[in-house]
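The structure appears below as structure tokens.
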Amino acid sequence: MNYTNKQINRILHIQDFLGTVNILSKIYNEYDHKEFMADNIIEKQCIYKLFCSAMYNLIDAIKKSSEIFGNSKSYKLFQQNINKKFIADRNEFLENENYESNLYKILSQIRHQNNHFERDDNDDTMLFEIYIDFEILEKLRKITNKIFYEIYNEMDKNKIKQITLSRPKIKYNFDKFDKKVDYVELKYRESTNEIDKIFAKDNERAIEILREYYNPSNIFDLMSKDEKAMKKYDFIDEEMEELFNKQDKYIAENGNELQKETMNLLKDFFINNETVTKNEYDKNIKQLVDRLKELKENSEENN
């Protein structure tokens, strides 16, 4: 089926809702493995409310996009689940009869309570705590994942990429990567290091590889786990490693003490920072730069 740009934009917004729901589900489940403490209980309750609010945003968006998702194999099951009836099990403080609602409306109420401090007098205020078993919500989350990806996998991925990369904020973030490569290239051009001169062609190829790494289109494909992009990534990663090993071998055989120590620091850095978070990486790279400056200053003093 062909989708209009407006429909694709809507699907991409729903994908954001789905991502939020999946992440909050994962965080909520992680509390089952944490120590039973007051703080953890409070945090878990907060995550539950955020999860319910995000679930409402997701199912409301899918419900209002029936022209897109209505033909999905799981859509009827989705409707059955969101229309499932629930009755308040305790009403000793209520004068009216048992309160009855469905899952869709209850999630809407949780979202409303969670997002709005001030409420109108005419609001249909629930006078009791709302809680739906997490297992019920998890079942609904899995159904929404099936519905979404059944449609998403039928879509033209090139059109998705084109629309995604045209979004100003994402384009701006990707441009930051390009600027970092520009900075690396500028520093290389300014370099008077003899090793850089010896491996001038290799270094120019390394900069080309960086541009391939940080090309917005390529980054999008990697984030989407595109098979061709993953293979290309592995290939250029191997090529970059070969260029690095070539310089490493030359320095080990012909380099001075400063060059050898510098290369050892770089090798240690790459090995120790393969699986760190971005914040840790930024902190460690600053320490690396400081250590390299210190090595250079000590070498100049000794000479």
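A few comments on the model shown:
- Selection of first residues in the stretch 56-67 that are without any contact (Cβ under 8 Å) to a residue 60 or more places away in the chain and of second residues that are open to solvent by 10 Å² or more (accessible area, probe 1.4 Å) and of a type in the set (Gly, Ala, Ser), restricted to Cβ pairs under 7 Å at least 6 apart or on distinct chains, gives the following pairs, ordered by first then second residue: Tyr56/Ser108.
A quick yes/no check of all residues on (1) open to solvent by 60 Å² or more (accessible area, probe 1.4 Å); (2) closer than 29 Å to Thr164 by Cα:
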{"position": "Tyr233", "(1), (2)": "yes, yes"}
{"position": "Glu241", "(1), (2)": "yes, no"}
{"position": "Lys246", "(1), (2)": "yes, no"}
{"position": "Gly255", "(1), (2)": "no, no"}
{"position": "Asp268", "(1), (2)": "yes, no"}
{"position": "Tyr281", "(1), (2)": "yes, yes"}
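- Within the stretch 101-130, considering residues that are modelled with pLDDT of 75 or more and not in a helix (DSSP H, G or I), the one farthest from Ala54 (Cα to Cα): Ser101
- Counting only helices (runs of 4 or more DSSP H) wholly contained in the stretch 1-94, the ones carrying 1 or more residues that are acidic (Asp, Glu) and surrounded by fewer than 16 Cβ atoms within 10 Å (Cβ to Cβ) occupy 5-30, 38-63, 66-69.
- Looking only at the stretch 204-231, and only at residues there that are open to solvent by 80 Å² or more (accessible area, probe 1.4 Å) and aliphatic (A, V, I, L, M), the one that is farthest from Ile160 (Cα to Cα): Met230
The values are calculated or read from the model by the stated rules, or taken from the named source; none is laboratory data. All values derive from a computational prediction rather than experimental measurement. All Cβ positions, glycine included, derive from the backbone under ideal geometry; neighbour counts span all protein chains shown. The accessibility values were calculated without ligands, DNA or RNA, using every heavy atom of the protein model including side chains. Shrake-Rupley method; radii C 1.70, N 1.55, O 1.52, S 1.80 Å.
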